[in-house]
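Take a look at the structure set out below.
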Amino acid sequence: MNYSNSSNLLCNGTANKHLDVLQAVNYEISWVYQVVYVLAAFTGLSLNMCFILVFMATSSLRTVMNQFLVSLAAVDSLTGVVLMVFVPFTTGEKAAWLCGLKGLIGCCSMMAQVMSILLVTFDRFISIVFPFNYTTWVTQRWVNFTISAAWLYTVIVGSFGGIQCLQAWYPGGKCVITEIVAAWYNTVYIIHYVGLFIIMAFAYGKIGSIILHHRRQIAAAVAPEQAASEDLKIQLKVTKDVFVVVCTSMFCLGLIPIHLMLYHVTNLPLPKMRLVRNFFMLSNCIFDPIIYFLRFKDFQSAFKSIVGRIVNPHQN
């Protein structure tokens with residue numbers, strides 16, 4: 001193989017660096033790796049699709065907050081497709097379009113995770129900090145607009161990664177997105193993730209202080225005042241459940257910016273770290289829907305009802 005040309009296109013570095021990437025690829029495409037990877041990704045994809053289908057089949061679940069969670073589940077499903085189809089099997093020659101498609105979907109799924117978590121965080125922040133304005137501010141039209149705008153922004157940003165992957169592909173090469181896209185593009189993702197982390201720290205810190213204040217008020221309140229705060233109590237319970245979901249996602253996705261930063265600082269592809277990063281992304285796809293069904297009782301009841309109708313269609 002001509003390492004002089006391939007290193008300039010794929011790794012923007014030396015032939016040794018390109019060889020390191022190829023060694024990592026040889027490990028990635030072993031049949032054991034493929035089987036485990038595909039089974040795990042298929043599990044995550046199936047669980048998220050199940051969550052989405054339960055939402056679509058049950059009208060009582062189509063609340064504003066649940067629509068943001070479904071958007072996040074759709075992102076996890078997209079990530080599952082990328083990890084299941086493209087990561088273990090994108091090899092071989094004459095596949096420039098496949099590398100570009102992988103880059104587009106892969107970059108879109110990474111950015112969509114950030115944007116979906118941001119929308120969920122904003123929704124919970126408004127519901128707790130501005131409870132009397134929540135229903136007037138967060139309307140169905142606003143939800144449709146924000147989700148559509150977030151996905152449009154995701155596609156625009158992801159298209160830059162897809163174009164870079166398409167142009168950098170060479171015959172016989174391996175499409176490793178983090179080694180193909182430019183440093184500025186990876187920096188854009190790191191900035192988005194760090195910005196999201198700061199926003200979440202502020203938003204949930206504020207929500208946490210309101211929870212503590214609310215508990216003190218309940219402890220000192222008489223019965224009528226306790227009843228009046230029941231709506232806020234319900235919102236706080238939902239927010240705590242959502243907090244578990246978004247924190248799990250942020251933790252599992254945290255290795256992505258760390259890997260990107262170390263990659264550019266050390267000028268090494270860090271293949272083993274990339275494998276660990278992909279494992280955490282797979283874990284996030286699986287954990288999120290499990291948390292949905294464990295923490296949200298309405299989804300549990302709806303799922304049991306749907307399964308009951310399928311098992312016994314004649315039951316009233």
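Read-outs: derived from the displayed coordinates by stated rules, not from any lab. What you see is a predicted model, and the numbers here were worked out from it, not measured in a lab. Using ideal geometry, Cβ is built from the backbone for each residue, glycine included, and neighbour counts are taken over all protein chains shown.
Here are the numbers for the structure shown:
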| read-out | value |
| --- | --- |
| Cβ charges +1 (Lys, Arg) and -1 (Asp, Glu), total dipole of the range 232-291, debye | 80 |
| Burial ranking of peptide ranges 121-129, 64-72, 303-311 (average Cβ count within 10 Å, highest at the top) | 64-72, 121-129, 303-311 |
| Label-point separation in nm, Ile199 to Val36, each point 7 Å along Cα→Cβ | 3.6 |
| Local electrostatic count, Val54, Cβ distance below 15 Å [Lys/Arg +1, Asp/Glu -1] | +2 |
| Greater than 26 Å apart at Cα, pairs in Lys102/Lys240; Lys240/Lys304; Lys206/Lys233 | Lys102/Lys240 |
